[in-house]
1. Among the residues of the range 117-127, write down those that are surrounded by fewer than 15 Cβ atoms within 10 Å (Cβ to Cβ) and part of a loop (DSSP other than H, G, I, E, B).
2. I need a count of the residues in the range 74-116 that are within 27 Å of residue 58 (Cβ to Cβ), in contact (Cβ under 8 Å) with a residue 40 or more places away in the chain and assigned to a helix (DSSP H, G or I).
3. Of the conditions (1) at pLDDT 95 or above; (2) surrounded by 13 or more Cβ atoms within 10 Å (Cβ to Cβ); (3) farther than 14 Å from residue 26 by Cβ, residue 84 fails just one. Which one is it?
4. Give the residues of the range 12-63 that are touching a residue at least 12 places away in the same chain (Cβ under 8 Å), surrounded by 11 or more Cβ atoms within 10 Å (Cβ to Cβ) and assigned to a helix (DSSP H, G or I), sorted by residue number.
5. Scanning the range 15-48 for residues that are touching a helix residue (DSSP H, G or I) at 6+ places or on another chain (Cβ under 6 Å) and more than 23 Å from residue 91 (Cβ to Cβ), which turns out modelled with the lowest pLDDT?
6. What are the residues in the range 87-106 that are surrounded by 15 or more Cβ atoms within 10 Å (Cβ to Cβ), under 13 Å from residue 8 (Cα atoms) and touching a helix residue (DSSP H, G or I) at 6+ places or on another chain (Cβ under 9 Å), if any?
7. If a residue has to be surrounded by fewer than 15 Cβ atoms within 10 Å (Cβ to Cβ) and in contact (Cβ under 8 Å) with a residue 40 or more places away in the chain to count, how many in the range 2-11 make the cut?
């Protein structure tokens, strides 16, 4: 247990019609301060997207989520937010939004390996 570290995660959701508050999960963002880790994993199921809305373009949504990935990775093309500290990047991405791409409230956990925890949460809540 002493090797375990705390982490926080949020589920990434597509909310096709914000006014209806219907959504489906497409990804996970996870942050561990002690392991100096922030990671994101996402996949949009085109069949689910079509069932919720035939007005949204999956390519556009993937571009937006790619921008989130660039922010997580801290690349210069992640913009000014991509240059923030890890914790600030996570807080910005996990903040409450009223857009088509949103994230859940943050949840805590314990793990040995944040990357493995990200994969497990992704498999449980997205796939």
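1. Passing the criteria: only 127.
2. 5
3. Going through the list (1) at pLDDT 95 or above; (2) surrounded by 13 or more Cβ atoms within 10 Å (Cβ to Cβ); (3) farther than 14 Å from residue 26 by Cβ, residue 84 breaks only (1).
4. 18, 48, 49, 52, 58, 61, 62
5. Looking at residues that are touching a helix residue (DSSP H, G or I) at 6+ places or on another chain (Cβ under 6 Å) and more than 23 Å from residue 91 (Cβ to Cβ), I get 16.
6. 89, 90, 93, 103, 104, 106
7. 3
The values are calculated or read from the model by the stated rules, or taken from the named source; none is laboratory data. Worth saying up front: this structure is predicted, and the values here are computed from it rather than measured. Neighbour counts are summed over all protein chains in view; Cβ atoms, including those assigned to glycine, are modelled from backbone coordinates with ideal geometry.
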